[in-house]
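Remarks on the structure that follows.
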Amino acid sequence: MAEDEMAEHINVKKSENFSEWYTQVIIKTGFVDYSEVSGCIVFLPPAYFAWQTISNAIDAEFKKIGVEDTYFPLLIPEKLLTKESEHFEGFVPEVAWVTRTGKTELEEKLAIRPTSETIMYKSFSKWIRSWRDLPMKYNQWNNVLRWEFKHPTPLIRSREFLWNEGHSVFATEEEAIAEREQIIGIYLKVLKDYFAVPGIVGRKSDNEKFAGAVASYSIEHMMPDGWALQGPDHHYDGQNFSKAFDITFLDREGKPVYAYQNTFAISTRELAVLVATHGDDRGLVLPPKLAYVQVVIVPIYKKDNREKVHAYAKKVYEQLNGHFRVKFDDRDGYSPGFKYNEWEMKGVPVRLEIGERDMSGNSVMAVRRDTGEKKPVKVTELGKELEHLMTAIHDNLYSKASDFLKSHVHIVDSYEDLKKTLKEKGGIVTAPWCGDRKCELTVKEETGAKITNIPIEPVKFGSKCVVCGNKSKFAANFARSY
């Protein structure tokens, strides 16, 4: 059997079976792998590099607005989880418990962190005394464990995942509410500048908001199969947690006041959006800033000219190394075609092919992963040309993702059109809604679609709720959602 025929490849089309395509892509490309723990995955170097990169980018933006990094324990006493009843009830099905050490039963169960509000806020109540202590803006990059679902999907719904969880405390409601625009703005900037993906910003319905929050806001993405996937979010918690945990301070008049709080997060679920949005039938397509390898050099030689071509390619590698994340694929025993297929599947943005003909012209052949376009480039101009290519690839990916999202947002003003559009086209269907939970649940029961969010940007919508016919209050985004 030929080498190329033995190579791993994606054997299902993205447009025909997205679920199977997605699984093959993340596993066969070495992006992530399954582990021996159900629902928990291994982040292999390409995936973990992407996560570290966006974590660093977001953290730098956080620090500009005064958010500081902390780290709190993984284990949370049961008594703390139960202090905020709505929050606790929201997480009961998801909590994994530590009940003993060795053969000794613990006096109190310890929850493995599903989220950190309760253990953090117990400390906040000790630390905050005066208005001078505020605002307090803390963040931690950590892992959490949520065990409620029967059929986990790597990255999309993993039982253990990585995220940031920001927790801010303010003296006034106005300050707390104003933070939302800052945080959502940071997430949108990183999504555009690193992931090359857009999203729809909006407020969650009361039925879909975070347990314990007054109001939740999300960035929603559109997956290739027409289903929505929630991205980063920001929650205005008001005084719900401060009252439960006695987070009070003396204001400027010396009066005790309950603080106002927010929480916000982005998780490794965003890596699923990265894979799903840009990948194609050959595998991953990675934006240059998140590519573990940005440039791969593949020498093309025969036995009689191997050393000459190899030496030339090595010089090109040395010229680029340190300026780009570059890989020199000098493996013997594998044909150039095999290597092309492998690096294309892994999503490397640019491939440089170097043969004896290229040497004679003091050039290389540059191949873009996103378009397949080939272009000879002089070695003396290679660095500048690669910078240009990286920008062009990113811009092309973002443009295609934006066009896809726009083409999958539909506006309707009747229930029949809502149901028909969800069934035949999928995507996000914007429709007038009265705000009544009964109408929201009716749509969910009859179509499987929920309200992903209520768009912040103005949207023209009909005067009557598509379900009950009463006066509409909102333009709600309905979609089937992961």
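In the structure shown, do any of Lys303/Lys374; Lys64/Lys189; Lys374/Lys406; Lys204/Lys473; Lys308/Lys384 have a Cα-Cα gap over 19 Å, and if so which?
Beyond 19 Å between Cα atoms: Lys303/Lys374; Lys374/Lys406; Lys308/Lys384.
Sort segment 409-479 into rounded, prolate or oblate with this rule: let a ≥ b ≥ c be the square roots of the eigenvalues of the Cα gyration tensor; rounded if a/c is under 1.5, and if a/c is not under 1.5, prolate when a/b is larger than b/c, oblate otherwise.
rounded
Loop-only check: which GluC sites (Glu not before Pro) in segment 3-69 are DSSP coil with at most 15 other Cβ within 10 angstrom?
Filter output for segment 3-69: Glu8, Glu16, Glu36.
Between Tyr482 and His9, 0.36 nm times their residue separation minus their Cα-Cα distance comes to what?
167.6 nm
Find how many whole Å separate the alpha carbon centroid of segment 417-441 from the alpha carbon centroid of segment 15-83.
Cα centroid of segment 15-83 versus Cα centroid of segment 417-441: 31 Å apart.
Hey, with R₀ at 45 Å, roughly what FRET efficiency would Arg132 and Leu441 work out to, going by the Cβ-Cβ distance, to 0.05?
Efficiency, from the Cβ-Cβ distance: 0.45.
What whole-number value in cubic angstrom gives the convex hull volume per residue for the C-alpha atoms of segment 86-232?
Per-residue hull volume (Cα only) is 162 Å³.
Can you pull the one-decimal nm distance between simple spin-label points at Val42 and Leu188, each 7 Å off the Cα toward Cβ?
4.0 nm
Given only helices, namely DSSP H runs of n ≥ 4 each adding -39500 (n - 2.57), what is the per-residue ellipticity at 222 nm of the chain, to the nearest 500 deg cm²/dmol?
It comes out at -10500 deg cm²/dmol, rounded to the nearest 500.
I want the local charge near Ser205. Using Cβ-Cβ distances under 14 Å, sum +1 for each Lys or Arg and -1 for each Asp or Glu among the other residues.
My count for the surroundings of Ser205 gives +2.
Could you tell me which helices of the chain pass both thresholds, a Cα extent of 24 Å or more along their own axis and a mean Kyte-Doolittle hydropathy of at least -1.0, with helices taken as whole DSSP H runs?
Counting only whole DSSP H runs, the qualifying helices are 45-64, 173-190, 382-407.
I need the calculated FRET efficiency for the pair Lys425 and Asp330, taking r as the beta carbon distance and R₀ as 45 Å, to the nearest 0.05.
0.40
Length gain on complete extension for the stretch Lys384 to Ile27, per 0.36 nm per residue less the alpha carbon to alpha carbon distance?
Answer, rounded to one decimal: 125.1 nm.
Which Cα, out of Ser123, Val348, Phe18, lies furthest along the positive dipole direction of the chain (beta carbon charges, K/R +1, D/E -1)?
Val348
Where the centre of each part is set by its Cα atoms, how far does segment 116-158 sit from segment 325-401, in angstrom?
43 Å
Taking C-beta distances below 4.7 angstrom as the pairing criterion, name the unpartnered cysteines of the chain, in sequence order.
Among the cysteines of the chain, those whose Cβ sits 4.7 Å or more from every other are Cys40, Cys439, Cys468.
Under 14 Å from the Cβ of Leu134, count the other residues' Cβ atoms, weight Lys and Arg +1, Asp and Glu -1, and hand me the total.
Around Leu134, the surrounding residues sum to -3.
Tell me, what is the percent relative contact order of the chain, built from C-alpha pairs under 8 Å that lie six or more residues apart?
In percent, rounded to a whole number, it is 15.
Please give me, ordered by residue number, the trypsin sites (Lys or Arg not before Pro) of segment 249-290 that lie in loop per DSSP and have at most 13 other Cβ atoms within 10 Å.
Arg252
Which FRET efficiency, nearest 0.05, do Lys406 and Ala215 yield, Cβ-Cβ r, R0 30 Å?
Computed FRET efficiency for Lys406 and Ala215 comes out at 0.65.
With a ≥ b ≥ c the root eigenvalues of the C-alpha gyration tensor of segment 18-278, is it rounded (a/c under 1.5), prolate (a/b larger than b/c) or oblate?
oblate
On a full-extension model of 0.36 nm per residue, what is the gain between His310 and Glu108, subtracting their alpha-carbon distance, rounded to one decimal in nm?
Between His310 and Glu108, full extension yields an extra 66.3 nm.
Counting Lys and Arg as +1 and Asp and Glu as -1, what is the net charge of the other residues whose Cβ lies under 15 Å from the Cβ of Val42?
-1
Glu174 versus Asn142, label points 7 Å from Cα toward the beta carbon: distance in nm?
3.4 nm
With mean projected area of the Cα convex hull in nm² as the read-out, I listed (i) 26.1; (ii) 22.4; (iii) 28.1; which label goes with the value calculated from this structure?
After the calculation, the listed value that fits is (iii).
Values quoted throughout were computed directly from the atomic coordinates according to the rules given, and no laboratory measurement underlies them. Everything numeric in this text was worked out from a predicted model, so none of it was measured. No Cβ is skipped: glycine too gets one built from the backbone with ideal geometry, and neighbour counts run over all protein chains shown.
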